[in-house]
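To start, the structure under review is shown below, and the notes come after it.
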Amino acid sequence: MIGLREKRLKQLRDEGSAKVLIIGGGINGISTLRDLSLQGVDVTLVEKSDFSSGASAASSHMVHGGVRYLENGEFRLVKESLQERNRLLKNAPHLVTPLKTTIPIFSIFSGILSAPLRFLTHSPGKPKERGAALIKIGLILYDMFGRAGGTMPRHEFWGRKKSLKNFQDMNPQVKFTASYFDASMESPERLSIEVLSDALANENANAVNYVSLVGKDGDQVVLKDELSGEEFNFSADLVINATGPWTDETNRLLGEETNYMGGTKGSHIVVENQRLLEACDGREIFFENKDGRIVLMYPLLGRVLIGTTDIKVDITDEIICTEEEVDYFIELVKLVYPDIEVNRSQIVYRYSGVRPLPAADDLNPGFVSRDYRIELTKPMNQGFGLLSLVGGKWTTFRALGEHLADEAMELIDVQRKVSTAELAISGGKDFPQTESERKTWLSSNSHGVNSARADQLLARYGTGAEPLLEKISKQGEQMLNDTGYSDTEINHLIETEAVVNLSDLIYRRTNIGFVGDYDESVLDQIASQGQEKLGWAIEKQLAEFASAN
């Protein structure tokens, strides 16, 4: 059977050219594809693996302004990030939700002298714990920057007595707690897929996963189908390099020597620990380790996410969450909750990725800018033009895509037609905001599916759940053990979201892998559905999944 990915690949090969070719299908490449497609630009994107399977899949699931970036003087980035956070809460309310965040504070004045020195000299100095005074100043600024277009409550400070009364498991040495609001993405990969869906709703856009860049041939680039191994040429007036940490490697394949990137590794673990889940009280606990690294833990999908490390790496290194990093995370919990035990047996998932940070010589990783810039690596009068994206973070993907699209359109002489600033993302369109609106939507669009299941799918896919609900109404469904997913739902994802392998389904189209909610029987059933829809060899899929995990 010919799947959706094969249809898009055939279109890519048959057409053989586009005005703009984007290399890299992480969130920033996909956002740029969406923006350019809405302007009517003939644009194509290719991704070497699955969409958002690289750096974009290794996030902390946060949509935030970055309160600690204020200390580095990155006011522009913080302001833009908070504006984009507020926009995402409006434009993708089914996928981005408010997240109360609490900082345990163990000193009053620590860091108050070193922070201005870092701000004025851009020198990190020796890491120092941030005390209550410094955090208070930062949160006042954070509230101020986050006002535009937002409805988030202002921050609040509690003293030791009130903190320990409300957080009974917290370290009794705490002096204050500070609480404020940011936002959370339950499933960043689903958000990425929905942004991609918006882009591909326009006939002038195409995107194919498992297609890589392998070089250039004169004024054409050479692409490779990673599944068949076949190579073919493709022409574009402008190439956009959005490969994140691999930007310099991609440029070398295109004949350009650059040294833009200097990423760091960030790892996370997901644990099933009921006591820790309850201690978090539905909020992120955001705090500082003794080494000056900002770390976090917060509840997601009935589990607790703990992260993150910040280790300089070579992009050619094997990028995994090491046992040393796991030890680091376990010790982190003891700083805040000394009586709560976390151990390896509770880990249901661990992951690691490389942040697409700019090169910064010997600067402490925690002080490297999280901002982005766009480089004209090769002008338009030399075959094809080449733009390179350096940096970028999840929260600012829409603004980044807009800026990158504007740079591209200036080079190809196209005028902007529409802004994405207030444009709902896929299932966020007409999403019911109140309980009464929700009940009305469900009564009109559930197609007779029971209300609890319909409500679950509305939360998962937004108003984009309606076609799936119609299928379930007509075909029925069988739930896959306790995963919260059904056979009909899995088939729907295979048919509509260019799934290629079992890992795509377990980790990027669903949350099954993130929560560790599968066993051999679930994998067998999902692989059998892939066999029916895509002709998978079941044993091969299971073996590849096992080797990759």
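Rounded, prolate or oblate: which fits the stretch 432-548, taking a ≥ b ≥ c as square roots of the Cα gyration tensor eigenvalues, rounded meaning a/c under 1.5, else prolate when a/b beats b/c? It comes out prolate by the Cα gyration axes.
Regarding the stretch 264-354, what's the average projected area of the Cα-atom convex hull, expressed in nm²? Numbers along the way, then the final one.
Numbers: hull surface 22.5 nm².
So the Cα hull casts an average projection of 5.6 nm².
The ranking of 287, 157 by Cβ neighbour count inside 10 Å, starting from the fewest, reads 157, 287.
Karplus-based coupling profile of the stretch 278-289, in residue order and whole Hz: 5, 5, 5, 6, x, 10, 7, 9, 10, 8, 10, 7, with θ = phi - 60° in 6.51 cos²θ - 1.76 cosθ + 1.60 and x standing for Gly or Pro. Straight-line cross-link partners of residue 224 among the lysines, defined as a Cα under 19 Å from its Cα and at least 8 positions apart when in the same chain: 7, 10, 48, 216. Working note: 222 nm ellipticity from helices only, DSSP H runs with n ≥ 4, each -39,500 (n - 2.57), summed and divided by the residues of the chain, gives -11000 deg cm²/dmol to the nearest 500. Before anything else, pin down the relative contact order of the stretch 254-368: Cα pairs under 8 Å, at least 6 apart, normalised by residue count, whole percent. In percent, rounded to a whole number, it is 40. Sorting the segments 193-206, 518-531 by their residues' average number of neighbouring beta-carbon atoms within 10 angstrom, most packed first, yields 193-206, 518-531.
Computed from backbone phi, the HN-Hα couplings of the stretch 456-466 come to 4, 6, 5, 5, 7, 10, x, 5, x, 6, 4 Hz, rounded to whole numbers (Karplus: 6.51 cos²θ - 1.76 cosθ + 1.60, θ = phi - 60°; Gly and Pro given as x). Evaluated over the stretch 432-548, the count of Lys pairs having alpha-carbon atoms less than 29 Å apart is 4 (only pairs 8 or more residues apart or interchain).
How high is the relative contact order of the chain, in percent, counting Cα pairs under 8 Å that sit 6 or more residues apart? List each step's numbers first, then the result.
Numbers: 1067 pairs, mean separation 107.9, N = 549.
Computed over the chain, the figure is 20 percent.
When 547, 352 are sorted by how many other C-beta atoms sit within 10 angstrom of their C-beta, beginning with the fewest, the order is 547, 352.
Residue 155 sits among other residues whose Cβ lies under 12 Å from its own Cβ, and their net charge, with Lys and Arg +1 and Asp and Glu -1, is 0.
Taking all Cα pairs closer than 8 Å and separated by 6 or more residues, the relative contact order of the stretch 432-548 comes to 17 percent. Give the residue list of GluC sites (Glu not before Pro) in the stretch 1-104 that are DSSP loop and have at most 10 other beta-carbon atoms within 10 angstrom. Qualifying residues, ordered by number: none. Positive-end ranking of 423, 380, 263 along the dipole of the chain, with charges on Cβ about the Cα centre, is headed by 423.
The magnitude of the dipole of the chain, with charges of +1 and -1 set on the Cβ of Lys/Arg and Asp/Glu and taken from the Cα centre, is near 2260 debye.
Residue 79: which lysines have alpha carbons under 23 Å from its alpha carbon, excluding same-chain residues fewer than 8 sequence positions away? Straight-distance partners of residue 79: 90, 100, 136, 393.
Test of understanding: what is the full-extension gain from residue 433 to residue 161, defined as 0.36 nm times their sequence separation minus their Cα-Cα distance? Don't skip to the answer; put the middle values down first.
Values: separation 272, 0.36 × 272 = 97.92 nm, distance 3.68 nm.
Here the segment from residue 433 to residue 161 would lengthen by 94.2 nm.
Counting Lys and Arg as +1 and Asp and Glu as -1, what is the net charge of the other residues whose Cβ lies under 13 Å from the Cβ of residue 380?
-3
Amide hydrogen proximity for residue 62: with H placed 1.01 Å from N in the peptide plane, the residues at 5 or more positions away or on another chain lying under 5 Å are 185. Once you have a ≥ b ≥ c as the square roots of the Cα gyration tensor eigenvalues for the chain, tell me rounded if a/c is under 1.5, and otherwise prolate or oblate according to whether a/b is larger than b/c. Cα axes put the chain in the oblate bin. If R0 is 30 Å, the Cβ-Cβ spacing of residue 450 and residue 204 corresponds to a FRET efficiency of close to 0.15.
Backbone geometry of the stretch 43-50 corresponds, through the Karplus equation with coefficients 6.51, -1.76 and 1.60 at θ = phi - 60°, to 3J(HN,Hα) couplings of 9, 10, 10, 10, 9, 4, 10, 8 Hz, x marking Gly and Pro.
What net charge is computed for the residues neighbouring residue 80, neighbours being all others with C-beta under 15 Å from the C-beta of residue 80, Lys and Arg scored +1, Asp and Glu -1? If you can, show how the numbers build up before the last one.
Working: positive: 76, 79, 85, 87, 147, 370, 373, 393, 398; negative: 74, 84, 182, 371, 402, 406.
Summing Lys/Arg as +1 and Asp/Glu as -1 gives +3.
Every number in this text was worked out from the coordinates using simple rules, so none of it is lab data. Model, not experiment: these values are computed from the prediction. Positions of Cβ are backbone-derived with ideal geometry, glycine not excepted, and every protein chain shown enters the neighbour counts.
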